[in-house]
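Read the structure below first, then the notes.
The values are calculated or read from the model by the stated rules, or taken from the named source; none is laboratory data. In this text, all values refer to a predicted model and were calculated from it rather than measured experimentally. No Cβ is skipped: glycine too gets one built from the backbone with ideal geometry, and neighbour counts run over all protein chains shown.
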């Protein structure tokens with residue numbers, strides 16, 4: 001198998017916060033990032049729709065040669081990953097791998113809590129899927145998980161309002177709802193890749209003694225460990241540190257937002273995403 | 001040509017505010033409503049993407065037999081209608097008609113202003129297209145048009161926050177930006193079908209003497225006039241007052257939101273929308 005970059009996928013820009021951590025920890029590999037901005041946001045879509053869109057994008061990465069694709073999107077990880085891993089992957093590319101962000105997070109998040117009570121904030125799709133409760137129970141059966149959907153946070157981030165006073169009401173609202181329902185929570189997981197950009201506001205309204213955890217570093221460390229344990233996949237990844245960005249919608253928009261998310265200049269290419277082509 | 005319902009299209013729920021006005025004025029016709037929720041919102045997408053999605057939905061209406069399709073969506077009217085009318089329609093269905101919401105609004109909006117200065121609020125797609133300035137200039141060359149995108153208003157409505165205190169900041173913010181840039185405005189057009197649900201908040205922050213105009217009644221009256229002037233199209237529309245709702249995403253979600261928008265029970269059917277099928 002010829003060497004090719006690691007694929008990093010998200011429905012939009014959010015996955016760039018995870019990509020940033022991966023790239024910081026593992027700068028020697030090549031990466032292709034794809035944002036399905038033309039059909040974003042995934043957060044409120046049905047299982048069938050999220051599965052169909054995610055599968056089309058995974059197939060695109062495979063056509064680009066990628067031996068490994070990271071779904072850096074909680075909604076896609078919750079609603080599409082299992083089906084792709086179990087049903088499609090063995091048929092279309094048994095030698096390739098698709099990984100998500102939920103499993104690696106679930107494997108370690110229980111170590112952060114002393115009260116054995118965790119809050120999970122995410123999109124409606126992620127929360128309603130129940131994926132985090134299910135996965136965390138496997139590794140930390142003693143931890144109580146309290147999940148809440150925060151649908152306004154993604155548009156606040158996407159439209160650049162995450163530092164504006166208008167964000168405060170919606171940050172405070174969801175945190176209060178969560179902590180009122182479970183006052184013993186000492187750890188809150190930001191289970192959506194957009195939410196780290198709201199960290200300043202979240203810290204402003206979080207009572208002392210409660211910590212908020214982003215997924216970026218967790219996922220990056222898990223990927224490093226995965227590549228160490230799977231040398232045949234590691235050997236198939238191309239090296240050199242090259243990065244390319246792709247979007248299914250307007251490239252100028254992607255470049256503007258992407259540069260904000262990554263704190264560096266982004267230049268993307270357009271990809272036409274159509275079922276059946 | 002066998003008779004068939006009038007098609008009413010929107011990227012999501014917003015078009016239901018227009019449909020509500022159409023149905024109130026013209027209850028005797030049959031209607032099919034389609035929301036492309038699986039790929040909504042269109043507001044920030046590129047011209048090519050909006051054109052592709054809208055055309056696919058128009059072709060679906062044609063397969064359902066509809067002799068007339070209303071694009072009850074400002075973004076689709078701004079970015080896709082002209083191309084569909086001029087390029088695709090003559091080839092695929094020369095006997096059918098596709099109408100938008102911008103032209104009928106532009107034909108009358110100049111009658112509302114005494115200061116000859118109008119504000120237009122819409123999605124980024126609608127505003128950046130410049131369609132309203134262009135169309136209004138044809139009918140009211142003496143009217144000055146001041147346009148502003150309000151990207152946060154659609155998610156606020158879609159996520160049911162339009163009556164919450166969290167909406168206030170974003171309603172006040174955009175109105176202030178508009179009126180600071182053009183203090184002589186006496187009429188503001190809500191050029192997005194979601195915005196009428198924010199009317200209470202808009203009236204709260206709008207200075208006395210400035211009016212806010214929704215498109216629903218304007219579009220309904222224009223349709224009545226159109227059917228009167230085009231008896232061959234009117235004859236092709238089926239009568240009886242039957243309505244059906246369709247969505248490209250989760251039907252339970254559509255029914256819940258749709259019922260809120262229409263103040264009546266909605267029961268929708270799923271439609272698979274794929275290019276090339």
- Residues being within 30 Å of residue A:253 (Cα to Cα) and either at the interface with chain B (Cβ under 9 Å from one of its Cβ atoms) or in contact with a strand residue (DSSP E or B) (Cβ under 8 Å, 6 or more places away or on another chain) (or both) - total across segment A:174-195: 7
- Residues being in contact (Cβ under 8 Å) with a residue 60 or more places away in the chain and buried (at least 23 other Cβ atoms within 10 Å of the Cβ): count how many of those fall in segment B:54-73. 9
- Being surrounded by fewer than 21 Cβ atoms within 10 Å (Cβ to Cβ), facing another protein chain (nearest Cβ under 10 Å) and in a helix (DSSP H, G or I) is the filter here, so list the residues in segment A:121-165 that pass it. A:124
- Query: Taking interchain pairs and intrachain pairs at least six residues apart, which have beta carbon atoms under 7 angstrom, with the first residue in segment A:24-40 and not assigned by TED's automatic domain parsing to the domain that holds residue A:70 and at pLDDT 95 or above and the second surrounded by fewer than 17 Cβ atoms within 10 Å (Cβ to Cβ) and in a loop (DSSP other than H, G, I, E, B)?
  - Reply: none
- Message: When the residues of segment A:41-53 are narrowed to those that are crowded, with 20+ Cβ neighbours inside 10 Å, closer than 16 Å to residue B:253 by Cβ and in contact with a helix residue (DSSP H, G or I) (Cβ under 7 Å, 6 or more places away or on another chain), which ends up modelled with the highest pLDDT?
- Response: A:50
- Residues in segment A:215-226: is at least one within 14 Å of chain B (Cβ to nearest Cβ), out of contact with any strand residue (DSSP E or B) (no Cβ under 9 Å at 6 or more places or on another chain) and within 17 Å of residue A:17 (Cα to Cα)? no
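One line per residue, one yes/no per condition, for (1) surrounded by fewer than 16 Cβ atoms within 10 Å (Cβ to Cβ); (2) away from chain A (no Cβ under 13 Å); (3) at positive phi:
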position: B:207; (1), (2), (3): yes, yes, no
position: B:213; (1), (2), (3): no, yes, no
position: B:236; (1), (2), (3): no, yes, no
position: B:253; (1), (2), (3): no, no, no
- Query: Do you know which residues across segment B:12-41 are within 12 Å of chain A (Cβ to nearest Cβ) and in contact with a strand residue (DSSP E or B) (Cβ under 9 Å, 6 or more places away or on another chain)?
  - Reply: B:12, B:13, B:36, B:37, B:38, B:40
- In segment A:238-246, is there at least one residue being within 14 Å of chain B (Cβ to nearest Cβ) and surrounded by fewer than 18 Cβ atoms within 10 Å (Cβ to Cβ)? no
- Scan segment A:20-38 for residues that are under 14 Å from the mean Cα position of the chain (by Cα) and under 16 Å from residue A:273 (Cα atoms) and jot them down. A:33, A:34, A:35, A:36
